[in-house]
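Q: Structure incoming, see below.
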Amino acid sequence: MKNRIVLDPAVMVGKPVIMGTRITVEMILRQLSQGISIDELLDNYPHLTREDVYAAMAYASERMEEDRIYPVKV
């Protein structure tokens, strides 16, 4: 799945996109968070596959896993 997501400064200013498209991971996640089903997303974007959507979710999950939170004393 990892090879489905690419970052290229020449495409969407380097945001992670589905390979061969200008569909960003961000857009996929935003639509899903607004209640759009995967099936509706696939209908709206015919070049997108279910595997692409899963890859976008996995990519985002991996990025979140990399985040580190440090407590700050006030």
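The values are calculated or read from the model by the stated rules, or taken from the named source; none is laboratory data. Only a predicted model underlies this, so the values are computations on that prediction, with no experimental measurement involved. FYI the Cβ positions are ideal-geometry reconstructions off the backbone, even for glycines, and counts take in every protein chain you see.
Q: From 37, 61, which residue is exposed (fewer than 11 other Cβ atoms within 10 Å of the Cβ), modelled with pLDDT of 95 or more and among the polar types (S, T, N, Q)?
A: 37
Q: Sort out for me the helices (runs of 4 or more DSSP H) sitting completely within the stretch 7-74 that have 2 or more residues that are touching a residue at least 24 places away in the same chain (Cβ under 8 Å).
A: By residue number, 25-33, 50-66.
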